[in-house]
Amino acid sequence: MDAPIGVFDSGIGGLGVLRALMAELPRERFVYLADNAHAPYGERGDAFVLSRARALARQLLEEHAIKALVVACNTATAAAVRALRAELGQLPIVGIEPALKPAAASSRTGHVGVLATRGTLQSAKFLELLRHLDGATRFHLQACDGLADAIEKEAAGADPAKTAELIGQHVSALGALGRGPGQIDTLVLGCTHYPLAWPLWEARVAGAATLLDPAAAVARQCARVLAERGLLRPPQAAGDVQIFRWLATGSPQAVQAAVARWVEAARRA
C-alpha cells in the first residue's frame, strides 16, 4: 500500500494529470517520469511509442517498485496500453483518452471539435472509440502539429506567443464556434500537454465553446482501481505530507520549471 504510483508522459504534459491525481489521492506517493528526450510522441509511429512506453514502465517498476501505473499521454495510451496490460500481469494500469463520450453528452449543437496529436487521431484505439459513439454527434478532428512541442519549449522559457499562435490556427481550422445550429459548441483537448495552456485556450475560445480536459476523470478512475484492489494508502499520522518525485530522460531544467509552475504552485494555492 505504501508503494508509489508511477505516472509517465512524453514530457511535461502529464503534469496536469499528476496534479489531478494528487488532488484526488492526497495520501498517495507518486513518481513522475517525463520522457522529454524523446518528445513529442504525437508525430512518431506506434512502434516507437510502444517501445518507449515499455522502457518507461520497466524503469518505474524496477527502480521505484510502483504499485500502479498511469499512462498520462493520449498517444501512448492509444499505442501501448493494451500491450502493457498484457505484459505486466497484475499491475493496475490506467490510461487516458480524449473525452469523446462526455463531449457528445454535453453538446447541444451536436458538433464537437477534437484537438489532438496526429498519432492519437490516427490510432486504432481512437477510431474504435469513435465507432462506438452515438452517430447523432458529428466530431470535427484537428491534428495540432507542433503544439505539444511549443508547450514543452514554453515551459523551458520560450515565448508563449508561439503556443498562442498555434492554438489560434488549429481552432480556426475546425470551423465556426458557437451555440447556433451547425456550430461547434464543445472542444475536447485530446493531448495532456494542451490543458497546461488553459488561459490561452480560454482567450481564443472566448466563451463560444466548452473546453473539456479528462484529467480529473483519470484521477477518479485511478482511485477506483486502487480501492478495488485494496491498494489505497492508509490514513497517515498527523503532519504526514504527500510526497512525489519527478524524473526526466532529457533536460531536467525544463521539467523542474514546469513542476514548479504547474504542480507545486497548485499545491500551495
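We did not get these values from a lab; they are worked out from the coordinates using the rules stated. Since the structure is predicted, the reported quantities are computational estimates derived from the model, not experimental observations. Virtual Cβ from ideal backbone geometry, glycine too; neighbours counted across all protein chains shown.
Mind listing the phi-derived Karplus ³J(HN,Hα) values for the range 5-10, rounded to whole Hz, using 6.51, -1.76 and 1.60 with θ = phi - 60°, and x for any glycine or proline?
Once θ is set to phi - 60°, the couplings for the range 5-10 become 9, x, 9, 9, 8, 5 Hz.
Residues in the range 35-61 near a label at A156, defined as backbone nitrogen under 16 Å from the 7 Å Cα→Cβ point?
From the range 35-61, the list is 35-42.
Can you give the charge dipole size of the range 100-212 about its Cα centre, rounded to the nearest 20 debye, using +1 on the beta carbon of Lys and Arg and -1 on the beta carbon of Asp and Glu?
Values: 10 positive and 10 negative charges, 82 e Å.
Once rounded to the nearest 20, the dipole reads 400 debye.
Give me the percent relative contact order of the chain, please, defined on Cα pairs under 8 angstrom at least 6 residues apart.
Numbers: 492 pairs, mean separation 80.4, N = 269.
Relative contact order of the chain: 30 percent.
Assign unit charges at the C-beta atoms only (+1 for Lys and Arg, -1 for Asp and Glu), then state the dipole size of the range 31-168 relative to its Cα centre in Debye, rounded to the nearest 20.
In total the dipole reaches around 500 debye.
Mean Kyte-Doolittle of at least -0.5 and a Cα length of 18 Å or more along the axis: which whole DSSP H helices of the chain meet both? Don't skip to the answer; put the middle values down first.
Numbers: long enough: 46-64 (26 Å, -0.11); 74-87 (19 Å, 0.10); 161-174 (20 Å, 0.41); 215-228 (20 Å, 0.68).
Qualifying helices, which must be both long enough and hydrophobic enough, are 46-64, 74-87, 161-174, 215-228.
Residues of the range 1-40 with amide nitrogen under 17 Å from the 7 Å Cα-to-Cβ point of R224?
In the range 1-40, the label zone of R224 (backbone N under 17 Å from the point 7 Å along Cα→Cβ) covers 21, 24-25.
For a quick check: with amide H placed at 1.01 Å from N, whose amide H comes under 5 Å from S10's, ignoring anything fewer than 5 positions away on the same chain?
D35
Using +1 on the beta carbon of Lys and Arg, -1 on that of Asp and Glu, and nothing else charged, what's the dipole of the range 190-233 about the Cα centre, debye to 20? Let's see the in-between values first.
On the way: 5 positive and 3 negative charges, 44 e Å.
The dipole magnitude comes to about 220 debye.
Which length gain, in nm to one decimal place, applies between A203 and Q169 when the Cα-Cα distance is subtracted from 0.36 nm times their residue separation?
10.9 nm
List the residues whose amide H sits under 5 Å from the amide H of V114, counting only those 5 or more places along or on another chain, with H placed 1.01 Å from N in the peptide plane.
Counting only residues 5 or more places away or on other chains, the set is H140, L141, Q142, V188.
With runs of 4+ DSSP H residues as the only contributors, calculate the mean residue ellipticity of the chain at 222 nm using -39,500 (n - 2.57) per run, divided by the residue total and rounded to the nearest 500. Walk me through the intermediate numbers first.
Working: 12 runs with 119 residues, N = 269.
Theoretical 222 nm ellipticity from helices: -13000 deg cm²/dmol.
Sort the following peptides by mean Cβ neighbour count (other Cβ atoms within 10 Å, averaged over residues), highest first: 168-176, 51-59.
Ranked by mean Cβ neighbours within 10 Å, highest first: 51-59, 168-176.
How large is the Kirkwood hydrodynamic radius of the range 161-206, counting all unique pairs of alpha carbons, in Å? Numbers along the way, then the final one.
Numbers: mean 1/r = 0.0890 Å⁻¹.
Taking the inverse mean of 1/r over all distinct Cα pairs, the range 161-206 comes out at 11.2 Å.
If amide H atoms are built 1.01 Å from N in the plane of the peptide, which residues on other chains or at least 5 residues away come under 5 Å of the amide H of T109?
When sequence neighbours closer than 5 places are left aside, the close amide H contacts are D185.
With all distinct Cα pairs included, what does the Kirkwood hydrodynamic radius of the chain come out to in Å, to one decimal, could you say? Walk me through the numbers before you get to the answer.
Working: mean 1/r = 0.0532 Å⁻¹.
One decimal place: 18.8 Å for the Kirkwood radius.
Could you work out, for the range 100-212, what percent of all Cα-Cα pairs fall into each 5 Å distance bin, beginning at 0 Å and stopping at the bin that holds the largest distance?
Distribution as computed: 2, 12, 23, 24, 19, 12, 5, 2, 0 percent.
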